Amino acid sequence: MLESRAHVRSVRGAVDTVTDLGAVIGATDGDNTVDEITVLGTAADDAVSVTGAAGAVQLVGLASIVDIVDAEPTDTLTYVANGGTDAVDSTGLAPGTIGFSIS
Ligand SMILES: [Ca+2]
Ligand SMILES: [Ca+2]
């Protein structure tokens, strides 16, 4: 739940948000459970870029930068366009980092 609150704050404010999906905050490995992160775009046209590798994922292009650490391949990151004609570039996301989808 803490992760969800952090996420909501990330799309409403202008402060970078780090979401740690590890079992222990500050540790460097995953928690072996499925974590689902949803990032909401704005109602306007957004240009979003997702990059990452080795458990670290970054989504830029919105009011704030969303950083995810300790991600596992079974975790998911869903980007919701939320209206407008959005451009999403995930070519910088290494395969097996996190399950990324666009909704
Ligand atoms: Ca996980
Ligand atoms: Ca949008």
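Miscellaneous remarks
- According to the Kirkwood relation over distinct C-alpha pairs, the hydrodynamic radius of segment 34-103 is 11.9 Å.
- Highest-first arrangement of 30-36, 64-70, 47-53, where packing means the average Cβ count within 10 Å: 64-70, 47-53, 30-36
Values in this text are rule-based calculations from the coordinates and carry no lab data. The shown structure was predicted, so the numbers you read here are calculated from the model rather than taken from an experiment. Quick reminder, even Gly has a Cβ in these numbers, built from the backbone with ideal geometry, and neighbours come from all protein chains shown.
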